[in-house]
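These notes are about the structure you will find just below.
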Amino acid sequence: MQFLFQRSEFKKDWSDHALWWPTRNKWLSRPKHTLDQYGVHADAALHFTPMHKPLRIQLPDLRYIDCKIDFSIDTFSAVIQLGKSLGIRHPEELSLCYPLEPSHLKQNYQNLKEAKKVKSIQAPDTNTFIAATRGSSNSLDRSLACPATPPPPRSLSATPVASQQNGTLRRYGGHIYSTQSDGSSDGGYCGTPPRAASLDALDSLAELSLADSPLEPDSQSRESLLTPKSLMERARMNVGWLDSSLSIMEQYVREWDTLQLRFKFYSFFDLTPRVQDAPRLNQLYQQARWQILNQEVHCTEEEMLLFAALQLQIELQTLAGGGVDANDGSQVAGSANAPEDEIDAALSELQVQLEGGPPARPDITHVPELAGYLKYRGRQRFTLRAYKRGWVSCRDGVLRIHSSREAAGRGDTPSYAVELRGAEVTPDAHPASGRYGIKLEVPAEDTMHEMWLKCDNEDQYAEWVAACRLGSRGRSLADSAFTTEAAAVKTLLALQKPQPAAALNQHSLPHLDHLQPENYLAPRFLKKLKGKFTQRVLESHANVKDLPLLEAKLQYIKTWQNLPDYGQTLFVVRFMGHRKDEIISIANNRIMRLDPNTGDHIKTWRFSTMKAWNVNWEIKHMMVQFEEGNVIFSVQSADCKVVHEFIGGYIFMSMRSKDANQTLDVELFHKLTGGWT
């Protein structure tokens with residue numbers, strides 16, 4: 001390498017360059033290793049190329065940015081650097097993925113990188129210095145393989161150039177660009193290019209403003225979104241995740257290619273409505289918004305109207321303040337004193353701990369119990385049983401049902417005794433109609449036993465949802481989280497109640513005159529609510545009209561997190577000994593086996609009972625060891641490394657401490673996700 005610098009006639013800083021071996025698809029990044037140790041022979045062609053290369057990134061809010069990414073380090077580290085450049089806290093929750101096309105949802109793709117490999121062979125690496133020793137003289141021949149000028153950075157407000165009458169089509173990197181007759185490049189794709197901002201061209205990150213997004217993305221970005229029509233299609237949407245342990249270059253991504261930046265792990269640390277977290281909150285809100293509008297996550301009609309009302313409030317606050325609004329002015333003004341505020345908060349928390357927490361119960365041997373008359377029903381083989389009324393009690397994570405309160409007091413054997421640990425709890429509340437139901441899927445031997453509880457009012461409903469959720473996680477009612485969980489359920493129910501009398505005057509806000517239902521509602525609700533959309537949204541908006549911008553975004557995220565489908569990453573798999581494709585769902589604390597047709601939970605395995613997980617790389621089979629036995633399957637819709645990384649990633653996220661100054665343990669992440677011990 002040093003010899004190459006000395007003989008080269010180029011006078012520039014070569015510190016960002018390294019050797020790339022295209023045949024082996026690897027970087028020669030260890031300076032102490034000789035070429036012989038790498039296995040390089042005399043006939044090998046090596047590329048002397050920059051490690052930082054331009055890449056087009058689509059953010060969760062569907063905007064594009066052009067930036068330079070280190071193609072030589074592992075993807076996890078590259079995302080960490082990108083997150084810090086963008087001002088997004090906890091970038092370990094993010095990752096990069098390939099953009100998908102509608103054809104990807106129609107069939108299983110075990111390895112999307114193979115398609116990228118073929119594409120990279122057809123479109124060779126650009127901006128590469130290739131040194132050749134063949135020639136009539138000893139001097140090194142030089143050639144810069146650059147077939148076209150890279151697209152210049154453009155501002156977010158720039159208008160894409162669509163005219164190609166006086167230009168020609170030229171290939172650059174892995175894409176086709178339209179070049180004008182004067183030799184200038186329009187910087188986009190063939191046809192109407194996506195608009196992009198360049199981090200290198202901006203004087204400060206404030207100009208990019210990740211804390212606020214346009215009210216609506218451009219039409220091309222909106223049309224590129226995929227809307228899955230079935231559970232199978234949802235499961236095939238996770239084929240595009242990059243391998244965090246490999247570099248971007250090793251995954252056949254070339255300069256000026258487009259990748260998507262998305263939140264990958266649904267285990268969000270320290271979400272707070274502070275100005276320091278504004279970019280993260282906004283991008284997370286945008287990802288949640290498009291998941292709901294594209295029906296990646298399902299919700300009820302009341303929840304959909306609440307999401308629409310919160311989105312309307314966010315837009316009104318953005319228009320009123322042009323960003324972090326006046327209601328958050330105290331946060332902005334105090335941003336310089338944020339460290340002092342955090343210190344004061346920590347001191348206050350320490351003082352409470354030293355002075356003592358809440359008063360202890362008079363009898364510490366007393367085990368809390370929740371009991372009351374509820375309606376319940378279970379599922380028979382071919383039909384649903386009718387609801388019955390009984391005395392239902394919950395104690396130590398066990399649900400017991402007696403015919404009456406007197407029977408329970410006499411100590412009679414309960415009609416049902418259900419262990420809640422490992423159960424799936426699905427709330428089914430409709431405040432407008434006064435229906436408050438809870439769906440329980442309780443683990444049996446090889447399946448999940450389904451039963452329903454119906455509450456009389458929202459107070460009873462909130463307590464029972466909290467009790468069932470704690471019981472499913474193996475925690476009792478003595479846990480301090482019971483009161484917090486019940487209060488959160490009540491708050492969400494209150495926000496879903498329409499208030500016709502308190503609705504805003506439509507003519508008082510100009511923004512309300514241009515409401516388009518398709519921008520606020522998922523397609524499945526359009527037909528039913530389109531005619532009365534404005535009035536229904538205004539009735540829901542009355543509950544959130546006083547929320548400041550950051551609080552409204554945080555409430556949107558919290559409501560999203562309360563959906564039954566939230567945080568479930570699906571994959572099409574085939575279990576050992578079975579011939580049909582099935583679906584597994586990986587969440588932050590469990591793995592679920594789902595029915596591909598109905599989405600019902602067949603089996604749930606908690607991470608708390610998991611002993612180990614590993615992959616047989618030869619036959620691409622994944623084995624997860626639990627206390628109740630081993631689960632072995634092959635992944636049909638993605639590479640098995642993706643599933644392995646999700647499991648290890650969630651384990652890593654759960655090991656993060658509450659210390660605000662904690663250092664990210666990159667080595668531990670790779671140890672848990674890389675498939676080695």
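Quick grid of which residues meet (1) under 18 Å from the mean Cα position of the chain (by Cα); (2) surrounded by 15 or more Cβ atoms within 10 Å (Cβ to Cβ); (3) basic (Lys, Arg):
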{"site": "Asp16", "(1), (2), (3)": "no, no, no"}
{"site": "Trp21", "(1), (2), (3)": "no, yes, no"}
{"site": "Asp43", "(1), (2), (3)": "no, no, no"}
{"site": "Leu59", "(1), (2), (3)": "yes, yes, no"}
{"site": "Ile65", "(1), (2), (3)": "no, yes, no"}
{"site": "Ser85", "(1), (2), (3)": "no, yes, no"}
{"site": "Glu93", "(1), (2), (3)": "yes, yes, no"}
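Looking only at the range 229-262, count every residue that is touching a helix residue (DSSP H, G or I) at 6+ places or on another chain (Cβ under 8 Å) and farther than 30 Å from Arg524 by Cα and tell me the total.
Of the residues in the range 229-262, 11 are touching a helix residue (DSSP H, G or I) at 6+ places or on another chain (Cβ under 8 Å) and farther than 30 Å from Arg524 by Cα.
When residues of the range 398-416 are filtered for being under 45 Å from the mean Cα position of the chain (by Cα) and at pLDDT below 90, how many remain?
Residues that pass the stated criteria total 2.
Going through the range 294-314 one residue at a time, which ones are in a helix (DSSP H, G or I) and open to solvent by 10 Å² or more (accessible area, probe 1.4 Å)?
Let us first name the residues in the range 294-314 that are in a helix (DSSP H, G or I), namely 301-314.
Residues satisfying the conditions are Glu301, Glu302, Glu303.
Where residues in the range 67-80 are polar (S, T, N, Q) and open to solvent by 10 Å² or more (accessible area, probe 1.4 Å), which of them is farthest from the chain's Cα centre (by Cα)? Quick ask: steps written out before the conclusion?
As a first pass, look at the range 67-80 and keep what is polar (S, T, N, Q): 72, 75, 77.
This time we only want the ones that are open to solvent by 10 Å² or more (accessible area, probe 1.4 Å), so: 72, 77.
Working: Ser72: 25, Ser77: 18 Å.
Result: Ser72.
Of the residues Ala487, Ala462, Ala417, Ala466, which is touching a Lys or Arg at 6+ places or on another chain (Cβ under 6 Å) and assigned to a helix (DSSP H, G or I)?
On the way: Ala487 fails: touching a Lys or Arg at 6+ places or on another chain (Cβ under 6 Å); Ala417 fails: assigned to a helix (DSSP H, G or I); Ala466 fails: touching a Lys or Arg at 6+ places or on another chain (Cβ under 6 Å).
Being touching a Lys or Arg at 6+ places or on another chain (Cβ under 6 Å) and assigned to a helix (DSSP H, G or I) holds for just one of Ala487, Ala462, Ala417, Ala466, which is Ala462.
Just to be sure, is Tyr461 closer than 16 Å to Val392 by Cα and in contact with a helix residue (DSSP H, G or I) (Cβ under 8 Å, 6 or more places away or on another chain)? So that I can check it myself, show each step before the final result.
Details: closer than 16 Å to Val392 by Cα: yes; in contact with a helix residue (DSSP H, G or I) (Cβ under 8 Å, 6 or more places away or on another chain): yes.
In short, yes.
Which of the residues that make up the range 244-255 are buried (at least 21 other Cβ atoms within 10 Å of the Cβ) and not hydroxyl-bearing (Ser, Thr, Tyr)?
Within the range 244-255, Ile248, Met249, Val253, Arg254, Glu255 meet the criteria.
Hey, could you check the range 234-280 for residues that are among the β-branched types (Val, Ile, Thr) and assigned to a loop (DSSP other than H, G, I, E, B) and say which is farthest from Cys97 (Cα to Cα)? Before you say what the answer is, go through the steps one by one.
Taking the range 234-280 as the starting set, the residues that turn out to be among the β-branched types (Val, Ile, Thr) are 239, 248, 253, 258, 272, 275.
Restricting the remaining residues to those that are assigned to a loop (DSSP other than H, G, I, E, B) gives 239, 248, 253, 272.
Numbers: Val239: 8, Ile248: 10, Val253: 11, Thr272: 27 Å.
Restricting to residues being among the β-branched types (Val, Ile, Thr) and assigned to a loop (DSSP other than H, G, I, E, B), the top hit is Thr272.
Going by what's in this entry, would Glu582 be described as surrounded by fewer than 18 Cβ atoms within 10 Å (Cβ to Cβ), farther than 30 Å from Ser213 by Cβ and among the acidic types (Asp, Glu)? Break it down into steps so the answer makes sense when it comes.
Details: surrounded by fewer than 18 Cβ atoms within 10 Å (Cβ to Cβ): no; farther than 30 Å from Ser213 by Cβ: yes; among the acidic types (Asp, Glu): yes.
No: the conditions fail for Glu582.
Can you give me the number of residues within the range 30-41 that are in a loop (DSSP other than H, G, I, E, B) and open to solvent by 80 Å² or more (accessible area, probe 1.4 Å)?
So the count comes out to 4.
Of all the residues that make up the range 60-109, how many are touching a Pro at 6+ places or on another chain (Cβ under 6 Å), closer than 28 Å to Asp16 by Cα and of a type outside the set (Val, Ile, Thr)?
5
Quick check on Arg590: is it crowded, with 18+ Cβ neighbours inside 10 Å, under 26 Å from Glu93 (Cβ atoms) and not β-branched (Val, Ile, Thr)? Walk me through how you get there before you give the answer.
Working: crowded, with 18+ Cβ neighbours inside 10 Å: yes; under 26 Å from Glu93 (Cβ atoms): yes; not β-branched (Val, Ile, Thr): yes.
Yes.
Could you tell me whether any residue of the range 74-81 is assigned to a helix (DSSP H, G or I), within 28 Å of Phe571 (Cα to Cα), among the aromatic types (Phe, Trp, Tyr) and in contact (Cβ under 8 Å) with a residue 12 or more places away in the chain?
There is at least one residue in the range 74-81 that is assigned to a helix (DSSP H, G or I), within 28 Å of Phe571 (Cα to Cα), among the aromatic types (Phe, Trp, Tyr) and in contact (Cβ under 8 Å) with a residue 12 or more places away in the chain.
Here is a list: Phe571, Phe533, Phe575. Which entry is more than 23 Å from Thr227 (Cα to Cα) and open to solvent by less than 40 Å² (accessible area, probe 1.4 Å)?
Values: Phe571 fails: more than 23 Å from Thr227 (Cα to Cα); Phe533 fails: more than 23 Å from Thr227 (Cα to Cα).
The unique qualifying residue is Phe575.
Residue check: is Ser213 small (Gly, Ala, Ser), farther than 28 Å from His514 by Cβ and in a loop (DSSP other than H, G, I, E, B)? Please lay out each step first, then the result.
Working: small (Gly, Ala, Ser): yes; farther than 28 Å from His514 by Cβ: no; in a loop (DSSP other than H, G, I, E, B): yes.
So Ser213 fails the test.
The values are calculated or read from the model by the stated rules, or taken from the named source; none is laboratory data. Not measured: the values here are computed from a predicted model. Quick reminder, even Gly has a Cβ in these numbers, built from the backbone with ideal geometry, and neighbours come from all protein chains shown. To get the accessible areas, we keep the full protein, side chains included, count just its heavy atoms, and leave off ligands, DNA and RNA. Shrake-Rupley method; radii C 1.70, N 1.55, O 1.52, S 1.80 Å.
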